[in-house]
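Structure first, commentary second.
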Amino acid sequence: MRLALLGPAGTRTKALEAAAHFVLEQLRVDRAVYLGVDGALDEVIATWAKELVGEDPTELAVWERALAACAEAEPEAIDEYITAEQERRALRTFESLPDEGTRAVEMLGGALAVMIHDKALLDEEDMLPARLLLFGKSERAVVKQVGQRWFLSPGSFEVAGLMTLDDDGDGVALTLYDENLSPIRNEQLSLQRMAKLKVGGAGG
């Protein structure tokens, strides 16, 4: 499982667009979550979909597009249409948090990850089962371990904006990228639970 975390775009929607292409086409992530709540990624993906298949890229219009593209087309044109539709469907990899309080979850390295825009809205029900707390509301990237939990943020695209988490079988591998989409930090996150100490009474 490879998860991409995209931070708030701010004024840098072009940087967000470049990062979206990067994580899908080069990193081939399984899931990409936008941790901003400004709708910027939705606009990027909508434009991308239209560039691929036309002005109505919705699933409802797929048969209309197929008829228009393939009814009298040569085999090469039909292949191009199928490729474009496959690329459009791959955009389902992306999702956005609809508001500040909405949570999304994922399992990584056998541990629960909770994603939210504003970590101040995390409550006890979020904190107790989660080992990875992923949030978007931070100008700079955050990689901080507190007890058994990791608090992680990709930061905004004004500074950085992209982080990936890989479930590699030995835990979770974190990679943070700079504004040029070059890796600037790699870290293996320890998710081993602390051993519980059993205190016995004196005597048998």
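The values are calculated or read from the model by the stated rules, or taken from the named source; none is laboratory data. Model, not experiment: these values are computed from the prediction. All Cβ positions, glycine included, derive from the backbone under ideal geometry; neighbour counts span all protein chains shown. Ligands, DNA and RNA are excluded from the accessible area calculation, which covers all protein heavy atoms including side chains. Shrake-Rupley method; radii C 1.70, N 1.55, O 1.52, S 1.80 Å.
Odds and ends about this structure:
- Residue check for residue 103: open to solvent by 40 Å² or more (accessible area, probe 1.4 Å), of a type outside the set (Phe, Trp, Tyr), farther than 29 Å from residue 139 by Cβ and modelled with pLDDT of 95 or more: no
- Among the residues of segment 60-94, the one identified as surrounded by fewer than 16 Cβ atoms within 10 Å (Cβ to Cβ), modelled with pLDDT of 90 or more and either of a type in the set (Gly, Ala, Ser) or not in a helix (DSSP H, G or I) (or both) is 90.
- Residue check for residue 31: open to solvent by less than 70 Å² (accessible area, probe 1.4 Å) and modelled with pLDDT of 95 or more: yes
- Taking the criterion of being more than 18 Å from residue 122 (Cβ to Cβ) and either open to solvent by 50 Å² or more (accessible area, probe 1.4 Å) or charged (D, E, K, R) (or both), the residues of segment 137-167 that qualify are 139, 140, 158, 166, 167.
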